[in-house]
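The values are calculated or read from the model by the stated rules, or taken from the named source; none is laboratory data. None of these values were measured; they are calculated from a predicted model. Note that we place each Cβ from the backbone using ideal geometry, even for glycine, and neighbour counts take in every protein chain shown.
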């Protein structure tokens, strides 16, 4: 197995699908010559992402919305790439996705993932984690990570199978987004209702006194307990 350098890549790489030869060439749609590195290609932030801890909804991005990928400290995000990748269908090339130093210096590191021989499903899903104490923002089209291509010593006999669940995975992401929205609405209703109930009850019973403050504090405590139980309940579904 050997790493493909920029010289190797330029010999087999196409950016236009009409020029792609499935049997022995590499396709990077929406790619750019400026992203080719001495030993790989810099993948850029694409049209969607999803966080797993902070508001885990599927967020779409493009040039017009000016939205950013926002990753809170400690959070993990799954970021879709701008580029759509298709590897040679003869099983001769595989790949790894690695971190870029410029992103690691911010505290953002991707969880290294592999790209199986025969991959031809388009966008890649890159898991990244924010190890810093600051919120990290990524622009649409910003260089995110580097994909390194390998020439296999022998062509793989078991190629990536498009029926292995990618479509189901995207469906799951969308469904999770809807579930997350319902959870947030429910939690907000419960939170507001609980606090408001204790606030009104405390004011009615104690008026503007110490008892009122104690009642509101009790309400806030109970609100945290209830919303915590609701959150865990959704997590077990």
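For (1) under 14 Å from residue 76 (Cβ atoms); (2) under 17 Å from the mean Cα position of the chain (by Cα); (3) modelled with pLDDT of 90 or more; (4) surrounded by 16 or more Cβ atoms within 10 Å (Cβ to Cβ), each residue gets a yes or a no:
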| residue | (1), (2), (3), (4) |
| --- | --- |
| 101 | no, no, yes, no |
| 105 | no, no, yes, no |
| 114 | no, yes, no, no |
| 133 | no, no, yes, no |
| 137 | no, yes, yes, no |
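Every condition in (1) touching a helix residue (DSSP H, G or I) at 6+ places or on another chain (Cβ under 8 Å); (2) without any contact (Cβ under 8 Å) to a residue 12 or more places away in the chain is met by residue 109 except one, and the failing one is (2). Annotation note: of 6, 75, the sole residue that is free of Cβ contacts under 8 Å to residues at least 40 places away in the same chain, touching a strand residue (DSSP E or B) at 6+ places or on another chain (Cβ under 6 Å) and in the same structural domain as residue 125 (by TED's automatic domain parsing) is 6. Scanning region 68-99 for residues that are in contact with a helix residue (DSSP H, G or I) (Cβ under 9 Å, 6 or more places away or on another chain) and part of a strand (DSSP E or B) turns up 78, 83, 84, 86, 93.
Name the residue that is farthest from the chain's Cα centre (by Cα), counting only residues in region 1-22 that are within 15 Å of residue 151 (Cβ to Cβ) and in a loop (DSSP other than H, G, I, E, B).
1
Residues that are under 14 Å from residue 88 (Cα atoms) and free of Cβ contacts under 8 Å to residues at least 60 places away in the same chain: does region 28-37 have at least one? Among the residues of region 28-37, at least one is under 14 Å from residue 88 (Cα atoms) and free of Cβ contacts under 8 Å to residues at least 60 places away in the same chain, which makes the answer yes.
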